[in-house]
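Please read the structure below before turning to the comments.
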Amino acid sequence: MTAIFAGAAELKRRLPHRHPMLLLDRVVEVEPGARLIARKAVTCNEPWYDRLADDAAERDHDYPAVLLVESCCQAAGLLATWDDPVPDARGDRVMLFGGISGVRFTGRVRPGDVVEHQVRLTRSFADTVIFEGRSAVGDETVMEIEQLVIAFRPGSGLATAAPATADRA
Amino acid sequence: MSPACTPVAGRIEHGTAPDGTARVSMTVGPGEPVFPGHYPGFPIFPGVCVIEFLHRGALAAAPEPDHTWVLSGIESARFTNPVFPGDTLTADLTWRRDGADGRCSASVTGPRGGVARIALRFEDEGAR
Amino acid sequence: MPDTQPTPLDLEDLRRTIAEVFCVDPGEVTDDTRFVEDLGGDSLLALEVIVALEKKYSVRFAESDVRGLTTLPRTYDVLADKLGAEG
């Protein structure tokens with residue numbers, strides 16, 4: 001049984017994301033300020049499969065590539081804030097997905113796979129942190145990310161940009 | 001040909017811009033499935049879903065539509081403004097073949113200006 | 001992976017690196033193109049330029065150096081100083 005640095009409950013204390021967009025299940029390794037490894041298990045009950053026709057083919061059950069990216073971004077977000085968590089999306093300091101480049105999808109992910117994201121902090125500035133990432137199922141690499149940029153901005157910036165309806169949605 | 005399984009439910013409109021380039025758009029409905037968890041009580045359309053909008057739009061407007069294009073990479077994506085329920089996203093696509101692969105890039109705009117600049121790469125799995 | 005020999009500073013090579021970060025063709029990065037006004041550069045892109053230059057030329061920037069990186073010639077001069085200083 002590998003060490004668990006953060007299970008589901010701890011993840012919810014550290015990330016604002018909830019079902020169906022809390023896309024990590026467990027942190028199995030962390031070296032604050034340097035690197036982190038987190039896992040996401042993919043099952044037949046992912047909500048996105050709900051809209052598939054009953055006779056959908058195996059290939060139609062490929063886990064959405066952009067959600068692999070989101071899952072890896074959440075791992076980077078955890079590493080960026082390990083010692084100073086940002087659990088509320090509307091706090092005084094919010095974490096934003098600034099940008100990403102050099103992403104390669106090199107393998108498919110299907111129900112039954114457990115994806116392991118390895119993220120490494122490559123450079124940090126005052127309000128911006130830059131990572132690289134590699135995601136694998138077993139020892140097969142399924143995604144590589146050359147550069148992922150996460151920015152921290154004052155909370156007011158995001159909330160005020162929201163039209164009034166956002167809160168009542 | 002939309003990906004079978006996608007986190008973005010909105011309908012993609014496929015038309016042409018005044019200068020003839022392919023234009024795709026989609027209104028981000030408050031019922032998008034990601035919103036309950038991103039974030040509770042404060043719905044913000046995730047950046048990866050803006051990428052997915054372009055992914056589905058690129059497939060809808062792909063050259064050689066009889067070919068099976070499969071997303072093989074994200075060359076780059078940069079986000080400049082958040083997207084909220086009710087926003088309509090629009091992108092004028094620049095599609096070009098790059099040897100065996102395809103590349104589709106676009107600036108995505110919303111009601112409050114630029115949202116993102118994205119370049120995607122596709123693999124051509126041949127004619128169906 | 002041992003650190004490879006840092007790339008010698010060359011204006012055309014630098015033009016290509018900057019164009020890549022801004023996702024434009026090198027031809028669009030002329031000597032008087034202004035990164036912010038003409039290429040829509042923002043604070044995040046400026047930091048990405050720094051990271052790209054640090055990797056390619058094995059130099060270290062301070063975040064405040066961003067203010068000097070406004071055009072290709074200015075970026076070349078800042079880099080030349082750094083390489084000269086650390087050379």
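The values are calculated or read from the model by the stated rules, or taken from the named source; none is laboratory data. The structure displayed is predicted, hence computed values, not measured ones. Here the Cβ positions follow ideal geometry from the backbone for every residue, glycine too, while neighbour counts run over all protein chains shown.
Structure summary
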{"quantity": "Unique residue being facing chain A (nearest Cβ under 10 Å), touching an Asp or Glu at 6+ places or on another chain (Cβ under 7 Å) and more than 27 Å from A:H17 (Cβ to Cβ) when the list is B:V70, B:V8, B:V24, B:V48", "calculated": "B:V70"}
{"quantity": "Search result, residues across segment B:44-73 that are surrounded by 20 or more Cβ atoms within 10 Å (Cβ to Cβ), among the hydrophobic types (A, V, I, L, M, F, W, C) and under 15 Å from B:V8 (Cβ atoms)", "calculated": "B:I44, B:F45, B:V48, B:C49, B:V50, B:I51, B:F53, B:L54, B:A58, B:L59, B:L71"}
{"quantity": "Any hit, segment A:65-73, residues being in contact with an Asp or Glu (Cβ under 6 Å, 6 or more places away or on another chain) and either assigned to a strand (DSSP E or B) or surrounded by fewer than 21 Cβ atoms within 10 Å (Cβ to Cβ) (or both)", "calculated": "no"}
{"quantity": "Qualifying position, being modelled with pLDDT under 95 and assigned to a loop (DSSP other than H, G, I, E, B), among A:G91, A:G107, A:G98", "calculated": "A:G91"}
{"quantity": "Cβ-Cβ under 7 Å pairs, at least 6 apart or on other chains, segment A:4-21 side farther than 15 Å from A:L79 by Cα, far side among the acidic types (D, E) and at pLDDT 95 or above", "calculated": "A:A8/A:D25"}
{"quantity": "Which numbered condition C:S58 fails, given (1) on the phi < 0 side of the Ramachandran plot; (2) modelled with pLDDT of 90 or more", "calculated": "(1)"}
{"quantity": "Selection count where residues are free of Cβ contacts under 8 Å to residues at least 24 places away in the same chain and in a helix (DSSP H, G or I), scope segment C:35-87", "calculated": "23"}
{"quantity": "Selected residue (only one of B:A116, B:A106 is within 14 Å of chain A (Cβ to nearest Cβ) and within 24 Å of B:G20 (Cα to Cα))", "calculated": "B:A116"}
{"quantity": "Residue check for B:F79: touching a residue at least 24 places away in the same chain (Cβ under 8 Å), aromatic (F, W, Y), crowded, with 20+ Cβ neighbours inside 10 Å and facing another protein chain (nearest Cβ under 10 Å)", "calculated": "yes"}
{"quantity": "Given (1) over 13 Å from the mean Cα position of the chain (by Cα); (2) closer than 29 Å to A:L24 by Cα; (3) of a type in the set (S, T, N, Q), number of the condition B:T27 does not satisfy", "calculated": "(1)"}
